[in-house]
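The values are calculated or read from the model by the stated rules, or taken from the named source; none is laboratory data. Source: prediction; values computed, not measured. No Cβ is skipped: glycine too gets one built from the backbone with ideal geometry, and neighbour counts run over all protein chains shown.
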Amino acid sequence: MARTRVVLNFPAALVEKPVTYHLVRDFGLVVNILRAEIRPGEAGTLLFELDDRDGQGDLQGGLEFVAREGVRIQTISGRITIDQDACLDCGACIGPCFAGALALDPTSYKLLFDDTRCVLCKVCVEACPAGAIKVAF
Ligand code: SF4
Ligand code: SF4
């Protein structure tokens with residue numbers, strides 16, 4: 001099974017192209033949209049997880065199709081890890097995280113991390129005064 005997470009950056013002229021539809025219909029992929037920032041007439045960003053259904057779909061073909069359409073693709077490899085022992089739960093990483101992947105638990109005031117929203121921009125790594133956030137590959 002092949003699964004990958006990608007960010008697609010649509011120029012304004014392509015924002016209304018039915019890319020997701022083609023990835024499902026023509027390439028047999030399961031498309032899980034994790035985050036979308038699309039406004040008609042403006043540039044947009046989609047965070048996808050693509051799954052080839054145990055090799056039944058054509059993941060590489062789908063990615064090549066998207067690139068041919070003029071959409072910029074950024075493959076996300078690696079993942080964010082947070083050292084719970086080092087973390088001070090200070091919240092300094094939350095504001096800079098535009099993806100909304102970090103939050104403080106309203107009850108325990110402990111840091112929460114939602115991996116499904118993370119786009120691996122690494123801004124939080126720089127923002128953390130304790131050096132608790134790392135990128136693992
Ligand atoms: S890498 Fe970026 S998206 Fe992921 S948690 Fe850190 S700031 Fe948020
Ligand atoms: S900035 Fe660092 S120490 Fe503060 S909550 Fe985030 S991970 Fe924890």
Worksheet item: Applying the selection to the stretch 25-41, what residues are surrounded by fewer than 13 Cβ atoms within 10 Å (Cβ to Cβ) and under 19 Å from ASP115 (Cβ atoms)?
Response: ILE33, ALA36
Worksheet item: Within the stretch 1-55, how many residues are hydroxyl-bearing (Ser, Thr, Tyr) and either outside the structural domain of GLY70 (by TED's automatic domain parsing) or touching a residue at least 60 places away in the same chain (Cβ under 8 Å) (or both)?
Response: 1
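Residues checked against (1) within 14 Å of the chain's Cα centre (by Cα); (2) closer than 22 Å to ARG5 by Cβ; (3) part of a loop (DSSP other than H, G, I, E, B):
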| position | (1), (2), (3) |
| --- | --- |
| ALA92 | no, no, yes |
| CYS97 | yes, yes, yes |
| GLY100 | yes, yes, yes |
| ALA103 | no, yes, no |
| SER108 | no, no, yes |
| LEU120 | yes, yes, yes |
| CYS124 | no, yes, no |
| GLY131 | no, no, yes |
| LYS134 | no, yes, no |
Discussion item. If ILE80 satisfies all but one of (1) within 27 Å of GLU42 (Cα to Cα); (2) within 17 Å of the chain's Cα centre (by Cα), what's the number of the condition it fails?
Written reply: (1)
Practice prompt. Would you check if there is a residue in the stretch 58-72 being free of Cβ contacts under 8 Å to residues at least 40 places away in the same chain, surrounded by fewer than 16 Cβ atoms within 10 Å (Cβ to Cβ) and in a loop (DSSP other than H, G, I, E, B)?
Written response: no
Worksheet, complete the sentence: Across (1) loosely packed, with under 13 Cβ neighbours inside 10 Å; (2) touching a Cys at 6+ places or on another chain (Cβ under 9 Å), ILE94 clears everything bar (1)
Discussion item. Quick check on my filter: what residues within the stretch 105-126 are touching a Gly at 6+ places or on another chain (Cβ under 8 Å) and surrounded by 15 or more Cβ atoms within 10 Å (Cβ to Cβ)?
Written reply: LEU111, ARG117, LEU120
Practice prompt. Given the conditions (1) farther than 30 Å from ILE133 by Cα; (2) part of a strand (DSSP E or B), report the number of the one that GLU16 does not fulfil.
Written response: (2)
Discussion item. Of the conditions (1) exposed (fewer than 13 other Cβ atoms within 10 Å of the Cβ); (2) out of contact with any Leu (no Cβ under 7 Å at 6 or more places or on another chain); (3) modelled with pLDDT under 95, GLY44 satisfies every one except a single condition; which number is it?
Written reply: (1)
Worksheet item: So, in the stretch 60-107, of the ones that are more than 11 Å from ligand 1 (Cβ to nearest atom) and at positive phi, which residue ends up modelled with the lowest pLDDT?
Response: GLY70
